[in-house]
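No lab work stands behind these numbers, since they all come straight from the coordinates. Worth saying up front: this structure is predicted, and the values here are computed from it rather than measured. Cβ sites come from the backbone with ideal geometry, for glycine too, and all protein chains shown count toward neighbours.
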Amino acid sequence: MEKMLAAVFHKSENNGGKIELEEVNIPQITKSDQVLIEVKACGICGTDLKIVEGGHPATDNTILGHEFVGIVKEIGENIQDLKPGDKVVVDPNEKCGYCINCRRGLSNLCEYMVLGTTFGIFQNGGFAKFCVVPRSTIFKLPEKIDLVAASLIEPLSCAVHCHNIANVKESDNVAIIGAGPMGLIIESVIRKHPIKRLISIEIDEWRGQKALELGADFLINPDTTNVQKEIMKVTNNEGADVIIDAVGISKTFEMATNFWAPGARLICFGQDYRAEAKIKPNEIVRYQRQILGSYIGYAEDFLDAIELIANNAIEVDKLITKVIPLEKLISTGFNLMKERKCVKIITTP
Ligand SMILES: [Zn+2]
Ligand SMILES: [Zn+2]
């Protein structure tokens, strides 16, 4: 059987595990609704690091990589709308379509995903030359699209979703807490629309500079500055009307409630299941504020993300720090991620 290089996760006895680059069998189509994809690019996500460190579950012996694009190599016999050579992106979170959440239009909360089905986390993903996925997870891409840029579509779809939840208006002061890869991608989407001001709150120097480069009007370092005072100063005492918490720890949530304007929307985007926070309910009632969650995205957010990339509407060059061969996933890719001196690192098999 023909072999390919793949980054395989091996669970350790306690928590986390390690990723090994190894030769594995090239996967084959076994069901009539499946597609064999030749992977052309796959982004490294913070979740990949979390899996290794034990902060996120994953299936033992699974090929990681959930932000991937490629071309169709083979199709199952029931597929009529794709052909070999088509450019495609995969939504790694397969939806069932019939659970109560799917039927209520909340496909991002599909009950089937709770079983642990994500490609590149619980089932084989894109850190490999080939991958087999069901047709339902595939979005066809325009012929002209650049496939390395297209590897941003999955995280970008989450940012589009977040932007829609935030319902950002022209007169809003927007604050984004955290300029990690997702905070910066969300900033890129928000910057496509007219707003009053954009304030980035970030501790790390490199990331803060990146936030300014992508269009933040102000950068605040919470380690050295009183965030509340500074936001009041730069917004003429208005406060922030939209706050995106792209970190999701207790500290950032409570920080946000120090400078939220009357009528503000606080969007919880970053995830940490250990976080707990104190809040005065009357601060929400009296000033009609809203606290909203934003979790992955809907199919329509994928469509919007595809258009943003296909139309060069996002500054992809500023968001992709490096493109590396899959062989360097661990030596270069993971190390750059740990040093935090990167936005997205893309691997090519
Ligand atoms: Zn991800
Ligand atoms: Zn469902």
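Taking the Cβ-Cβ separation of GLU2 and LYS31 as r and a Förster radius of 25 Å, what is the calculated FRET efficiency to the nearest 0.05?
Plugging the Cβ-Cβ distance into 1/(1 + (r/R0)^6) gives 0.80.
Quick one: helix 153-166 against the long Cα principal axis of the chain, what's the angle to the nearest 10°, folded into 0 to 90?
In the chain, helix 153-166 runs at an angle near 30 degrees to the longest axis.
From the backbone phi of the stretch 23-40, what are the Karplus-calculated ³J(HN,Hα) couplings (6.51 cos²θ - 1.76 cosθ + 1.60, θ = phi - 60°) in whole Hz, Gly and Pro given as x?
So the J values, rounded to whole Hz, are 8, 10, 5, 5, x, 10, 5, 10, 10, 5, 9, 9, 10, 8, 10, 8, 5, 10.
Taking the Cβ of LYS344 as the centre, find all other residues whose Cβ is under 13 Å away and add up their charges (Lys, Arg: +1; Asp, Glu: -1).
Every neighbour counted, the sum reads +1.
So which aspartates and glutamates pass the test for LYS278, namely a Cα distance under 15 Å, with those fewer than 8 places away in the same chain ruled out?
Excluding near neighbours in sequence, the set is GLU254.
Express the relative contact order of the stretch 164-293 as a whole percentage, based on alpha carbon pairs under 8 Å and six or more residues apart in sequence.
It rounds to 23 percent for the stretch 164-293.
Given +1 on the Cβ of Lys and Arg, -1 on the Cβ of Asp and Glu, and no further charges, what dipole in debye does the stretch 14-97 carry about its Cα centre, rounded to the nearest 20?
Using only the charged Cβ atoms, the result is roughly 160 debye.
For ILE284, ILE231, ILE75, what's the fewest-to-most ordering of other Cβ within 10 Å of each Cβ?
Going from least to most buried by this count: ILE284, ILE75, ILE231.
Would you calculate the convex hull of the Cα atoms in the chain and tell me its volume per residue in Å³?
That works out to 140 Å³ per residue.
Stretched out fully, how many nm does the piece from ASP60 to ALA277 gain, at 0.36 nm a residue minus the Cα gap?
Gain on stretching ASP60 to ALA277: 74.8 nm.
Taking a threshold of 20 Å on the Cα-Cα distance, which of the pairs LYS50/LYS338; LYS192/LYS341; LYS18/LYS87 fall above it?
LYS192/LYS341; LYS18/LYS87
Which is farthest toward the positive dipole end of the stretch 179-237 among MET232, GLN209, GLY183, measuring Cα position about the Cα centre, with Cβ charges +1 (Lys, Arg) and -1 (Asp, Glu)?
Of the candidates, MET232 comes out farthest on the positive side.
Among LYS251/LYS318; LYS11/LYS73; LYS318/LYS344; LYS95/LYS169; LYS229/LYS318; LYS210/LYS344, which pairs are too far apart, with a Cα-Cα distance over 21 Å?
Among LYS251/LYS318; LYS11/LYS73; LYS318/LYS344; LYS95/LYS169; LYS229/LYS318; LYS210/LYS344, the Cα-Cα distance tops 21 Å for LYS251/LYS318; LYS11/LYS73; LYS95/LYS169; LYS229/LYS318.
Please give every one of the aspartates and glutamates within straight-line cross-link reach of LYS233, meaning a C-alpha to C-alpha distance under 16 Å, and leave out same-chain neighbours fewer than 8 residues apart.
LYS233 reaches ASP172, ASP217, ASP241.
Once you sort the root eigenvalues of the Cα gyration tensor of the stretch 150-224 as a ≥ b ≥ c, which label holds: rounded (a/c under 1.5), prolate (a/b larger than b/c) or oblate (the other case)?
Cα axes put the stretch 150-224 in the oblate bin.
Among the DSSP beta bridges whose two residues both lie in the chain, what percent are antiparallel, rounded to the nearest 5?
Bridges in the chain that DSSP calls antiparallel: roughly 55 percent.
Kirkwood-based Rg over Rh for the stretch 164-293 (C-alpha set), two decimals?
0.92
Given +1 on the Cβ of Lys and Arg, -1 on the Cβ of Asp and Glu, and no further charges, what dipole in debye does the stretch 164-293 carry about its Cα centre, rounded to the nearest 20?
Dipole of the stretch 164-293, to the nearest 20 debye: 340 debye.
When SER157, SER32 are ordered from fewest to most other Cβ atoms inside 10 Å of their Cβ, what list results?
Placing the least packed residue first, the sequence is SER32, SER157.
Can you sort TYR112, TYR273 so the residue with the fewest Cβ neighbours within 10 Å comes first?
Listing TYR112, TYR273 from fewest to most nearby Cβ atoms yields TYR273, TYR112.
For the stretch 76-211, calculate the relative contact order in percent as a whole number, restricting contacts to Cα pairs under 8 Å that are 6 or more residues apart.
Contact order relative to length: 20 percent.
Would you kindly derive the ³J(HN,Hα) couplings of the stretch 278-292 from the backbone phi angles with the Karplus curve 6.51 cos²θ - 1.76 cosθ + 1.60 (θ = phi - 60°), listing them in order in whole Hz, with x for Gly and Pro?
Values, residue by residue: 9, 8, 8, x, 5, 5, 7, 4, 4, 10, 6, 8, 10, 10, 10 Hz.
Defining a contact as two alpha carbons under 8 Å apart and six or more residues distant in sequence, what relative contact order in percent does the chain show?
Relative contact order, the chain: 17 percent.
With +1 on the Cβ of every Lys and Arg and -1 on the Cβ of every Asp and Glu, and nothing else charged, how large is the dipole of the chain about its Cα centre, in debye rounded to the nearest 20?
Computed charge dipole of the chain: roughly 560 debye.
Take THR225 and GLU13, extend 7 Å from each Cα along the Cα→Cβ direction, and tell me the distance between the two endpoints in nm.
4.9 nm
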